[in-house]
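The values are calculated or read from the model by the stated rules, or taken from the named source; none is laboratory data. In this text the structure is predicted, and so the values were computed from the model without any measurement. Note that we place each Cβ from the backbone using ideal geometry, even for glycine, and neighbour counts take in every protein chain shown. Accessible surface is based on the protein model in full, side chains and every heavy atom, while ligands, DNA and RNA are left aside. Shrake-Rupley method; radii C 1.70, N 1.55, O 1.52, S 1.80 Å.
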Amino acid sequence: MAREAGQENSMNIQKDSGESFDNSRNRLRTYAYLGIFALAVSVILIMIKQYLPAGTIIIIVAILYSYLIRKSIRLMDSVKNSLVDVSSSNEKKDDVITDFSHKIREPLNNLVIITDLLMESGLQKKQKELLETFVASTKNMVTTLNELTMQSAGSLSFEERKHIRFNLLSTIQNTIELYSLKDKANIDFILNKKEFSDFECSGDPIILKQIFLDIFNTIENQYSERPTKVTINLKREREDGNEDYIGLRIQTDRKIVLINENGPGHSLAAKLILTSKGTFSQEYGNNISVLNIILPFSKVVHEPRHHVASKIEELIQKEKTHKELKDLRILLVEDNLINQKITHLTLKPLVNSIDTASNGKEALDKFGTSAYDLILMDIQMPIMSGLVAAEKIRALEVSTNSHVPIIAITANAMIGDKEKCISVGIDDYISKPFQPSALIDKIKKFI
């Protein structure tokens, strides 16, 4: 009876904790959207030269968001601490972190864009100084979010995930970029690809990212006054039926135990390598350490439609004529009305024609009746997700001799999300929050 009462009490505590977390999160989101509305009003006031009320609003919003950022960081810390203590499954932990990351990135992205627009709106010196302080605080929160994403890699569950087609080199590059977002990253990376030419494979890119992030954390945790130089080489070791065995050589310019071979059970990288039927070995010199990893990856099955699509894309690229940014016709697929307006604010001064769709099904309907130069696709939407919509668009294009570039604009920024987007035919990916200039640069790549 005592044991049952204790379990019931534990469940009630977890339930109360969950409700408290949901209430705090919803309250923060409400305040964030009120602040965004206030900033939009201040932009309008500046446009009609009402600088005093605009400046007052900016000061109030800056104070509000300074409070929100502090509360959000405390909330994220409490999430991380609760994940250590809670006795729920790994899958439950993954869902909590992913859900929190997605919901906080949405309003944070709007803040980044609005503040960028305000900085370019001719503010007075005092207003600009206050806004610069606010921008710095926002960047700190972005850094905290990115670090939460990396820390979540160590707690992701070991369940079998669906294998997808992905590019081995770009996955490693993306992992390096993700790690370099840390506030005080102390590693200099060199990625050498001379001995490896075919980067397409099939498997679970999340496992590969987890292995690298765990090794990078091990290097970072062994403090050094100077940055550690890490050189990564890829090499095809051998073939065995439908599998390629890829060698990953990681070399550091100082002596470090990268994987504790005496206790692989305590090393995430060792667990994942062995679980993936791979092997690893380590070598040491006076001022170097070398970790050799061999992992099997499934070969990509080249279906006939992929060859047809590739040929069509090649012909289109040859005939493609350069367009000015203002002449583009863009389809924005986004279910959140505030996010739609913010993206419009960003692009409208530069692009004349922007259509909107509220979900993947509506995007497919518009794609079938209109010609677009580019699609900006949200991923998490009702009725039909962005991933399903992109896959269906690519299937339609096989018989139409066309290829419309798709850029994913998404708050799904956990490890593996980019590879999921690329695997369904999305051309590029940008995670929220982002600077407006970063989105413009990605669009320019396709015109």
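Here are a few things to note about the model shown:
- Any hit, the stretch 198-209, residues being modelled with pLDDT of 85 or more, assigned to a helix (DSSP H, G or I) and under 15 Å from Leu272 (Cβ atoms): yes
- Of all residues in the stretch 378-406 being farther than 23 Å from Lys341 by Cβ and among the charged types (D, E, K, R), the one that is least open to solvent (accessible area, probe 1.4 Å): Glu397
- Selection count where residues are modelled with pLDDT of 85 or more and in a loop (DSSP other than H, G, I, E, B), scope the stretch 426-447: 4
- Matching residues in the stretch 228-248 - criterion: being out of contact with any Leu (no Cβ under 9 Å at 6 or more places or on another chain) and under 13 Å from Leu295 (Cα atoms): Arg236, Glu237, Arg238, Glu239, Asp240, Glu243, Asp244
- Taken over the stretch 221-245, the residue count meeting the criterion of being open to solvent by less than 40 Å² (accessible area, probe 1.4 Å) and within 15 Å of Lys255 (Cα to Cα) is 4.
- Here is the figure for the stretch 226-241: residues that are assigned to a loop (DSSP other than H, G, I, E, B) and touching a strand residue (DSSP E or B) at 6+ places or on another chain (Cβ under 7 Å) total 1.
- Cβ-Cβ distances below 7 Å connect the following pairs, each with a first residue in the stretch 345-363 that is free of Cβ contacts under 8 Å to residues at least 60 places away in the same chain, a second residue that is of a type in the set (A, V, I, L, M) and assigned to a helix (DSSP H, G or I), and a separation of six or more residues or different chains: Val351/Leu325; Ile354/Leu347; Ala357/Ala363; Gly360/Val388; Gly360/Ala389; Ala363/Ala389.
- Just one residue in the set Lys442, Lys418 is in contact with a Pro (Cβ under 9 Å, 6 or more places away or on another chain) and open to solvent by 30 Å² or more (accessible area, probe 1.4 Å); that residue is Lys418.
- Answer from Asp244, Asp214 - the residue that is in contact (Cβ under 8 Å) with a residue 40 or more places away in the chain, in a strand (DSSP E or B) and charged (D, E, K, R): Asp244
- Residues being more than 17 Å from Ile447 (Cα to Cα) and in contact (Cβ under 8 Å) with a residue 60 or more places away in the chain - total across the stretch 326-340: 4
- Scanning the stretch 274-294 for residues that are in contact (Cβ under 8 Å) with a residue 24 or more places away in the chain, out of contact with any helix residue (DSSP H, G or I) (no Cβ under 8 Å at 6 or more places or on another chain) and either small (Gly, Ala, Ser) or under 19 Å from Arg254 (Cβ atoms) (or both) yields Gln282, Tyr284, Gly285, Asn286, Asn287, Ile288, Ser289, Val290, Asn292.
- Scope the stretch 339-365; condition in a helix (DSSP H, G or I), open to solvent by less than 60 Å² (accessible area, probe 1.4 Å) and not polar (S, T, N, Q); matching residues: Ile342, His344, Leu347, Gly360, Ala363, Leu364
- Among the residues of the stretch 254-307, those identified as polar (S, T, N, Q), outside any helix (DSSP H, G or I) and either modelled with pLDDT under 85 or open to solvent by 50 Å² or more (accessible area, probe 1.4 Å) (or both) are Asn260, Asn262, Ser267, Thr279, Ser281, Asn286, Asn287.
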